[in-house]
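The values are calculated or read from the model by the stated rules, or taken from the named source; none is laboratory data. A quick note: this is a predicted structure, and the numbers were derived from the prediction, not measured. Backbone-built Cβ (ideal geometry, glycine too); neighbour counts: all protein chains shown. Calculation scope for accessible area: heavy atoms of the full protein, side chains included, ligands and nucleic acids excluded. Shrake-Rupley method; radii C 1.70, N 1.55, O 1.52, S 1.80 Å.
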Amino acid sequence: MHPHGREQTLLPPEAQGGRRPDSTAMMCPYCEAVLANPAAAQCDSCLRPLPGKGAPTLRVQFPTGELKVAAGQSLVLGRDAGQSPVASTFTPYDNVSRRHSTVWLDQQGTAWVRDEGSTNGTFVNGERLPPRVDAPLRDGDQLRLAADVAGNVMLN
Ligand SMILES: [Zn+2]
């Protein structure tokens with residue numbers, strides 16, 4: 001038996017042909033991973049948006065404001081109003097760089113973050129990202145700039 005028992009909910013191959021919208025199969029239609037949470041907006045495995053949820057919006061909720069990014073859009077986070085349209089969210093924080101990170105939502109509905117060579121780092125769930133490397137963001141992640149500027153990632 002699989003240690004987590006998740007494979008038990010896999011449908012047999014012959015049952016996969018006729019997926020209907022009302023199917024109760026709890027499986028990603030793209031990568032066929034079993035979905036731990038079928039009500040989620042995206043697949044835990046391939047990070048694609050699950051069907052029937054509409055186009056997702058990426059939101060990051062910081063104590064000083066909520067940022068919103070639609071599919072196909074990106075947003076620079078930082079303290080410099082000339083570089084970041086949401087600079088006012090970060091002006092209270094001296095440890096945030098003028099151009100700190102970029103978040104975006106691609107056309108497939110996957111959210112991403114990239115550290116822009118910030119002084120004090122960009123963190124996802126406590127892990128510091130290497131500079132200028134694209135990292136996926138998932139619903140429920142914590143995105144943190146520097147030591148203490150923490151935002152909650154929502155993708156739905
Ligand atoms: Zn998937």
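Sort the following peptides by mean Cβ neighbour count (other Cβ atoms within 10 Å, averaged over residues), highest first: 96-102, 66-72.
Highest to lowest by the protection proxy: 96-102, 66-72.
I'd like to check one number: the per residue accessible area of the range 84-155, probe 1.4 Å, reported in Å² as a whole number.
46 Å²
Whenever you get a sec, compute what percent of the accessible area on the range 57-155 sits on carbon and sulfur atoms (1.4 Å probe).
43 percent
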